[in-house]
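Everything on this sheet refers to the single structure shown next.
The values are calculated or read from the model by the stated rules, or taken from the named source; none is laboratory data. Note that this is a predicted model, so its numbers are computed, not measured. Neighbour counts are summed over all protein chains in view; Cβ atoms, including those assigned to glycine, are modelled from backbone coordinates with ideal geometry. These area figures cover heavy atoms from the full protein model, side chains too; ligands, DNA and RNA do not enter into them. Shrake-Rupley method; radii C 1.70, N 1.55, O 1.52, S 1.80 Å.
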Amino acid sequence: MKLSPQDVTVPLVDLSAQHQAMQTEINTAIARVLASSRFIGGPEVQRFEAEFASYCDCRYAVGVASGTAAIELTLRALDIGPGDEVITTPFTFFATAEAIIQTGASVVFADIDPDTYNLDPAAVQQVVSPRSRAILPVHLYGRPAELGGLRTLAKNHGLALIEDAAQAHGARYHGQRTGSMGVAGCFSFFPSKNLGALGDAGAVVTNDEALAERIRSLRDHGRSSKYLHQEVGFGHRLDALHAAVLSAKLPHLDHNNIRRRQLAARYNDMLAGTDLVLPAADNGTESVYHLYVVRTPQRDAIIEELRSAGIEAGVHYPVPLHLQPALRSMNLASGSFPVTEAAADTVLSLPLYPEMTEAQQDYVVNTLRKLVG
Ligand SMILES: Cc1ncc(COP(=O)(O)O)c(C=O)c1O
């Protein structure tokens, strides 16, 4: 049963609170685009691309229509397609695998680390083949994947390392920004992400000028000038309205990420000693807690109890990708990725967003403590 807004004491995410806090800047950005009537491309998109590239410590950012488009265009710009294999995690949002499949390449899954929920480099090593072209780790829940080990593997086998950073805007791996450590980083600005647009939007960041140029052309019908098309591309541009809103929100991102980390640390303190498995310690990484995820075998019962107390919890993700009906032709039976499957059965996302009050968090913790040992 879905909770109606008046029943929710603590939502999983509260976008209206975020938009209220930034209302003036957002309204000014929207008014600017309306006044200019430049809705496609133009200075707003260029400005946001420059700002976001700099934020990610990369030379280039290319704004695109979504995070899914960011991944697919990056793979296509690297000429990855039929006959090629791309290694990724089965414990992610479906779009990670979907983007690979849309290029005609094959998805090859490797299991995750049980503590970080991210690709396990040892498992990746086992599935590298002569057809492998890329490794596509996901920084799940905002926590950077084990990029050191993955980068070494990619280097040793001549593979492209492409980061799916859709959940990790501003996170750091041993000081380096996520998105800046492989050949490209792919971001989603889906509204509920740490940096969200007012609809679908995304970006690719890279230090490779030729790659950026090819993605720029592919996102815009393979164009080299207004009516000259060098290759068959896509209508996957970033709208000026989204770019302007993203520029207005970007200066708040670091502060909001700090707030997420503070709230996560507070959850850790207050839930210590319970039967819940809490997020693993940072260990050289700096998570931006897109989601705060605990584990418990009583997950489904706890979600129902929280709901009746007006608290929205979530599951990211209940069905691993290798067990999705859409991928049944891969013939990967239950049991193929045991670490992923155990996580999918037990993970529980608790409410966390920068504007969440400590009183709301206390209420979640007190309710939860009554339900778990
Ligand atoms: C890990 C991951 N990859 C890819 C995507 C796809 O992004 P989008 O919804 O912007 O296409 C998402 C977000 O929804 C995601 O969480």
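Net charge near Thr89, counting Lys/Arg +1 and Asp/Glu -1 over other residues with Cβ under 11 Å of its Cβ? Taking every Cβ under 11 Å from that of Thr89, the sum is -4. For segment 49-133, the Cα-based Rg and Dmax, in that order, read 14.4, 39 Å. Here Lys370 is the anchor, and the aspartates and glutamates within straight C-alpha reach of less than 14 Å, apart from those fewer than 8 places off in the same chain, are Asp275, Glu304, Glu305, Asp362. Using a probe of 1.4 angstrom and keeping all protein chains present, the accessible surface of the chain works out to 42 square angstrom per residue.
Across segment 252-371 the C-alpha pair distances fall into 10 Å bins from zero in the proportions 12, 39, 31, 15, 3 percent.
Remark: the chain carries a charge dipole of roughly 680 debye about the Cα centre, counting +1 on each Lys and Arg Cβ and -1 on each Asp and Glu Cβ. Close amide H pairs (under 5 Å, H built 1.01 Å from N) link Ala184 with Glu163, residues at least 5 positions away or on another chain. Of the residues Leu198, Gln230, Ala212, the one whose Cα sits farthest toward the positive end of the charge dipole of the chain, with +1 on the Cβ of Lys and Arg and -1 on the Cβ of Asp and Glu, is Gln230. The residue among Pro130, Leu271, Gly185 whose Cα reaches farthest toward the positive pole of the charge dipole of the chain, with charges on the beta-carbon of Lys, Arg, Asp and Glu, is Gly185. The order of Arg151, Arg299, Arg261, Arg328 by accessible area, most exposed first and with a 1.4 Å probe, is Arg328, Arg151, Arg261, Arg299.
Net charge within 13 Å of Pro144 by Cβ-Cβ distance, Lys/Arg positive one each and Asp/Glu negative one each, not counting Pro144 itself? Around Pro144, the surrounding residues sum to -2.
When only the Cβ of Lys, Arg, Asp and Glu is charged (+1, +1, -1, -1), the dipole of segment 174-234 relative to its Cα centre reaches about 120 debye. Only the Cβ atoms of Lys and Arg (+1) and of Asp and Glu (-1) were treated as charged; on that basis the dipole of segment 252-371 about its Cα centre amounts to roughly 120 debye. Normalising the average separation of contacting C-alpha pairs (under 8 angstrom, six or more residues apart) by the number of residues puts the relative contact order of the chain at 23 percent. With bins 20 Å wide beginning at 0, the percent of Cα pairs of the chain falling in each bin runs 29, 58, 13, 0. Summary of packing: across the peptides 233-242, 249-258, the per-residue average of other C-beta atoms within 10 Å ranks them, highest first, as 233-242, 249-258.
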